[in-house]
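Single-structure report; data block below.
The values are calculated or read from the model by the stated rules, or taken from the named source; none is laboratory data. In this text the structure is predicted, and so the values were computed from the model without any measurement. Cβ coordinates were reconstructed from backbone atoms using ideal geometry, including for glycine residues, and neighbour counts include every protein chain displayed. Only protein heavy atoms, including side chains, enter the accessible area calculation; ligands, DNA and RNA are left aside. Shrake-Rupley method; radii C 1.70, N 1.55, O 1.52, S 1.80 Å.
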Amino acid sequence: MTSLSTWRGRFERLRSNKVFETFVIAIIILSALLIGAKTYEETSRFEQALLVFDTAVTIFFLVEILIRIGAEQRLRDFFRKGWNVFDFLIVTASLIPLDDSEMVLLARLLRIFRVLRLVSMIPELRILMVALVKSIPRMGYVALLMFIIFYIYAAIGSFLFAEVDEFLWGNISIAMLTLFRVATFEDWTDVMYATQELYAWSWIYYLTFIFLNAFIFLNMMIGIVLDVMQKESLAIELENGEGEAAELHGLRDDVRDLKAQLSRMEEALQRRGS
């Protein structure tokens, strides 16, 4: 039991070691570069060396995840954290062998996701990812409103401009794709000038659409993400503050216990002396 506690303590110190964390991040980046290198034909002559390095990276990630599991008091404590489950799934998925011709494509695709481990290793990236995920429900309503505006403008554009350019305004679905091109400013002036030859006032149609989508709705999306990020940062600060307060409270209790023990020892010495 003592040896188990000793090893757990060692694993916990290693897990929280900044040098070890930096080394893990460096390995993740090297793994990402390895995946990118495999897309070049020039690296085919180093295929064996790249395979050995990939195997070494996979073994390292396996050992690293086992260290993190061993640092926990109980196994279920590790899987209570969502990011630990995320890392565990990526590491276990990387264990699929590459030599099976039927599984080689799947194995390579799964190895690409090892890059995502950077998110779980860097706290700032975790905040961004959590904020993005929590923003999706609220952003969905903005996206629904955008779709309604797209649909209305696409219907109007299809009715008015179909005779100008059938390819761009032939039906409502094609018109929505054209409006997406306008919203992303991809040569949108060419589309506008073509319709202005027949409808001189059509610039009003494009400018109002761009104002609604590119300026108002886009800023609403950004505002939602920033609001959630601010709340997440505040929650993390409060959590860290509570943790520091609890640690300080624990130190105060230890000091009180130590003072009580010293008082008892002093009383015992006085009784012996008398």
Would you check if LEU110 is surrounded by 13 or more Cβ atoms within 10 Å (Cβ to Cβ) and free of Cβ contacts under 8 Å to residues at least 24 places away in the same chain? yes
Looking at segment 113-153 only, could you name the residues that are β-branched (Val, Ile, Thr), open to solvent by 80 Å² or more (accessible area, probe 1.4 Å) and under 17 Å from GLY82 (Cβ atoms)? VAL133, ILE136
Please work out if THR39 is within 21 Å of ARG114 (Cα to Cα) and without any contact (Cβ under 8 Å) to a residue 24 or more places away in the chain. yes
Hey, among the residues in segment 56-82 that are open to solvent by 70 Å² or more (accessible area, probe 1.4 Å) and part of a helix (DSSP H, G or I), which one's nearest to LEU33 (Cα to Cα)? ILE59
So the helices (runs of 4 or more DSSP H) completely within segment 111-220 holding 1 or more residues that are among the small types (Gly, Ala, Ser) and within 21 Å of the chain's Cα centre (by Cα) are 117-121, 123-161
Top-ranked residue of segment 9-54 - restricted to ones that are hydroxyl-bearing (Ser, Thr, Tyr) and in contact with a helix residue (DSSP H, G or I) (Cβ under 6 Å, 6 or more places away or on another chain), ranked as surrounded by the fewest Cβ atoms within 10 Å (Cβ to Cβ): THR43
Taking segment 154-163 on its own, how many of its residues are crowded, with 17+ Cβ neighbours inside 10 Å and under 14 Å from TRP203 (Cβ atoms)? 2
Which of (1) more than 30 Å from ILE127 (Cβ to Cβ); (2) in contact (Cβ under 8 Å) with a residue 24 or more places away in the chain is the odd one out, the single condition THR6 does not satisfy? (2)
Going by what's in this entry, would MET220 be described as modelled with pLDDT under 85 and of a type outside the set (Lys, Arg)? no
